[in-house]
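K.L.:
I am attaching a structure below and will ask some questions about it afterwards.
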Amino acid sequence: MRAQAFTDEEVKILRENKYTSFVSNSSIRFTLEFKEMFMERKQQGITARRIFKEAGYDVDILGTNRIKNLSKRIPKEASAPGGLHEGYHLHKRHPEDADYSRMPPEEARAAMQREILYLRQELEFIKKIIKTDSTGGRKQ
């Protein structure tokens, strides 16, 4: 098991993975693409450790504790009202909270663009769940 910080060399290795959104000596964040893939593979019965290996991560660098925690955190994030997202959102604003009529035009436009992106991501995730359910978890 590993509960320590990443070395500078490990940070460099983790940063090179296309599924890494952010990495420092003390933490790692994953792309939305990875989280969606993780959920899909998890629903197929694949272990978290194997998913990380298939994604190109050295599981010894990540460590057992991180992998266990992430395998709990990602599904929890997926079932939250904001759904899966990339990066860290301290006070994430949900699209349904927006009142565009009270915003300046440029801010309203940017908020609408974020909402469209959010809804597209949500729709793609729902499609993947439906596809997995309809195939009984088997690959087509």
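K.L.:
Which residue is farthest from the chain's Cα centre (by Cα), if the candidates are limited to the range 99-116 and must be closer than 24 Å to S79 by Cα and open to solvent by 100 Å² or more (accessible area, probe 1.4 Å)?
P.N.:
Q113
K.L.:
Kindly provide the set of residues from the range 1-54 that are in contact with a Ser or Thr (Cβ under 6 Å, 6 or more places away or on another chain) and β-branched (V, I, T), ordered by number.
P.N.:
Correct list: T31 only.
K.L.:
What are the residues in the range 19-40 that are under 13 Å from the mean Cα position of the chain (by Cα) and open to solvent by 40 Å² or more (accessible area, probe 1.4 Å), if any?
P.N.:
S21, F22, R29, E33, M37, E40
K.L.:
Identify all residues within the range 25-46 that are under 13 Å from H85 (Cβ atoms) and of a type in the set (S, T, N, Q); write none if there are none.
P.N.:
The answer is T31, and nothing else.
K.L.:
For residues in the range 49-83 being free of Cβ contacts under 8 Å to residues at least 12 places away in the same chain and over 24 Å from T7 (Cα atoms), which is least open to solvent (accessible area, probe 1.4 Å)?
P.N.:
Among those residues, the one meeting the criterion is A80.
The values are calculated or read from the model by the stated rules, or taken from the named source; none is laboratory data. What you are looking at is a predicted structure, and each value in this text was computed from that prediction instead of being measured. Don't worry about glycine lacking a Cβ; one is built from the backbone with ideal geometry, like all the others, and counts go over all protein chains shown. Surface areas here come from the heavy atoms of the whole protein model, side chains and all, with no ligands, DNA or RNA. Shrake-Rupley method; radii C 1.70, N 1.55, O 1.52, S 1.80 Å.
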